Amino acid sequence: MTTLTDAPSPSSRARRDVVLAAPLHRPLLILTIAMVALAGASVVGLLLDDRVLVGQPIWAKPLKFSLSIAIYAVTLSWLIRLTRGRLRRVSWWAGTISAAALVVEMVVIVGAVVAGTTSHFNVSTPLATALWSAMAASIVVVWIATLVVAFALFRAPLGDAARTLAIRAGAILALGGMALAFLMTSPTAEQLADFRGIAGAHSVGVADGGPGIPVLGWSTVAGDLRIPHFVGMHALQALIVLVMALEWASRRVAVLADPRVRFGLVLIAAVLAAATTAVVTVQALAGESIVAPSAATAIGAAAVWGSAAAAAAAVVARGVVRARRGAGGTSYQR
């Protein structure tokens, strides 16, 4: 049971000092730096290389993947620092294995770009099939490594209830978002009917390579499974940023000094992230473009976001009432 008060307890300060004394995960930090450098190189490639692959500039994929992996790697490094005891050592090795697996994926992606061919879903030759299989295996390894770290986080004291919820719920959402990528790996009916060496697609209802949102490339004419994959996977970072922002604001906004208010807002955000991931997953599978939702999808999304806004307003209003009654410093237990 964790007791929350407006001021950090000596035990929480001690835990924070232990975390700050823990070594950073060097392999993941090196990977982060490498991915930032690759992102810069990819931007240069976009400027100097006019080749187009599957309807997108050929260097767009390395740019997007390098930025996503950089965000993932620095986040996982920070999360591993929060783990405790023997599970920290296990998490350290999970992070190291994850970093190695992601290097394999990026080597294949960049190698395919240099060769002027596609990496994902490519089974056109024995070599392409082997490389695609290696990529698929590396992502499974990354998912399992993330699961190991998530388990360790559920066994570690992470701070007050709001921060604990943000990290643990974010880890679950990230695992779900990563798993949604496997929806893209099955060949479509059109591919089976006229096989041309590609088995799998991110678009639903049309062939990959059609009109898309600039930079992101998400289809503007059909469903796109990359969207729920992205939303779920990066909900982790969104929740962490949210709880840190609330903690910072709590020193300036009186109502946010109440730990119950921060916990309530994080809980609403976590449910909102899960519901949004579900909505865009259903939308993508229905073949609907993110920019042209059906009436049912639009109503569902509006209901989800409207409910979240109303719930957040209610949480803040209750916090204001408690503060006016002098109850803002009451401890909250879970």
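The values are calculated or read from the model by the stated rules, or taken from the named source; none is laboratory data. Because the structure is a prediction, the values reported are computed rather than measured. Heads up, the Cβs are rebuilt from the backbone with ideal geometry, glycines too, and the neighbour counts pull from every protein chain shown. In case anyone asks, the SASA skips ligands and DNA or RNA and just uses the protein heavy atoms, side chains included. Shrake-Rupley method; radii C 1.70, N 1.55, O 1.52, S 1.80 Å.
Mind giving me the FRET efficiency for ALA278 and VAL36? R0 is 30 Å, r the Cβ-Cβ distance, nearest 0.05 is fine.
0.40
Please give the contour-minus-distance gain from VAL52 to THR117: 0.36 nm per residue of separation, less the Cα-Cα distance, rounded to one decimal in nm.
22.4 nm is the gain from fully extending VAL52 to THR117.
Over the range 67-201, what percent of the accessible surface lies on carbon and sulfur atoms, probe 1.4 Å?
Percent of accessible area from carbon and sulfur atoms in the range 67-201: 73.
Please give, to one decimal in nm, the separation of the simple spin-label points placed at ALA302 and VAL271, each 7 Å out from Cα toward the Cβ.
2.1
Add -39500 (n - 2.57) for each DSSP H run of 4 or more in the chain, then divide by its residues: what number comes out at 222 nm, to the nearest 500 deg cm²/dmol?
Computed ellipticity for the chain at 222 nm equals -23000 deg cm²/dmol.
Among LEU285, LEU147, ALA37, whose Cα lies farthest out toward the positive end of the dipole of the chain, if unit charges sit on the beta carbon of Lys, Arg (+1) and Asp, Glu (-1)?
Value: LEU147.
If you place +1 on the Cβ of every Lys and Arg and -1 on the Cβ of every Asp and Glu, how big does the dipole about the Cα centre of the chain come out, in debye to the nearest 20?
That gives the chain a dipole magnitude of about 1860 debye.
Efficiency by 1/(1 + (r/R0)^6): what FRET value for VAL44 and ALA254, r their Cβ-Cβ distance, R0 = 56 Å, to the nearest 0.05?
Taking R0 as 56 Å, the efficiency between VAL44 and ALA254 is 0.70.
I'd like to compare 225-238, 53-66, 177-190: which one has the highest average count of other Cβ atoms within 10 Å, and what's the full order after that?
225-238, 53-66, 177-190
With every protein chain kept in the model, how would you rank VAL315, VAL271, VAL123 by accessible area, 1.4 Å probe, largest at the top?
VAL271, VAL123, VAL315
Could you provide, to the nearest whole Å², the per residue accessible area of the chain with probe 1.4 Å?
49
Taking the Cβ of LYS64 as the centre, find all other residues whose Cβ is under 14 Å away and add up their charges (Lys, Arg: +1; Asp, Glu: -1).
0
Considering the options ALA298, MET244, ALA161, tell which one lies farthest towards the positive end of the dipole of the chain, charges being +1 on Lys and Arg and -1 on Asp and Glu at the Cβ, about the Cα centre.
ALA161
Once you put a point 7 Å from the Cα of LEU24 and another 7 Å from the Cα of ALA245, both along the Cβ direction, what distance in nm separates them?
Going by the 7 Å Cα→Cβ label model, 2.5 nm.
Over the chain, with a Gaussian network built from C-alpha contacts below 10 Å, which listed residue (SER307, SER289, SER219) shows the highest mean-square fluctuation?
Of SER307, SER289, SER219, the most mobile in the Gaussian network model is SER307.
Calculate the spin-label point distance for PHE154 paired with LEU127, positioning each point 7 Å from the Cα along the beta-carbon direction, and give it in nanometres.
4.4
Can you tell me the dipole magnitude for the range 66-186 around its Cα centre, using point charges on the Cβ only (Lys, Arg +1; Asp, Glu -1), in Debye to the nearest 20?
It comes to approximately 620 debye.
Pop out the ³J(HN,Hα) list for the range 75-81 in order, Karplus 6.51 cos²θ - 1.76 cosθ + 1.60 with θ = phi - 60°, rounded to Hz; leave Gly and Pro as x.
Values, residue by residue: 5, 5, 4, 5, 5, 4, 5 Hz.
List the residues, sorted by chain then number, that are 5 or more residues from LEU53 or on another chain and whose placed amide H is less than 5 Å from its amide H.
ILE58
Counting Lys and Arg as +1 and Asp and Glu as -1, what is the net charge of the other residues whose Cβ lies under 11 Å from the Cβ of MET184?
-1
ASN122: net charge of surrounding residues, Cβ under 13 Å, Lys/Arg +1, Asp/Glu -1, itself excluded?
+1
For ILE213 and ARG86, what is the calculated FRET efficiency with R₀ set at 45 Å and r taken between the beta-carbons, to the nearest 0.05?
So the FRET efficiency works out to roughly 0.50.
Mind listing the long-range amide H neighbours of GLY212? Cut-off is under 5 Å, sequence gap 5 or more, other chains count too, H placed in the peptide plane at 1.01 Å from N.
Result for GLY212 returns THR220.
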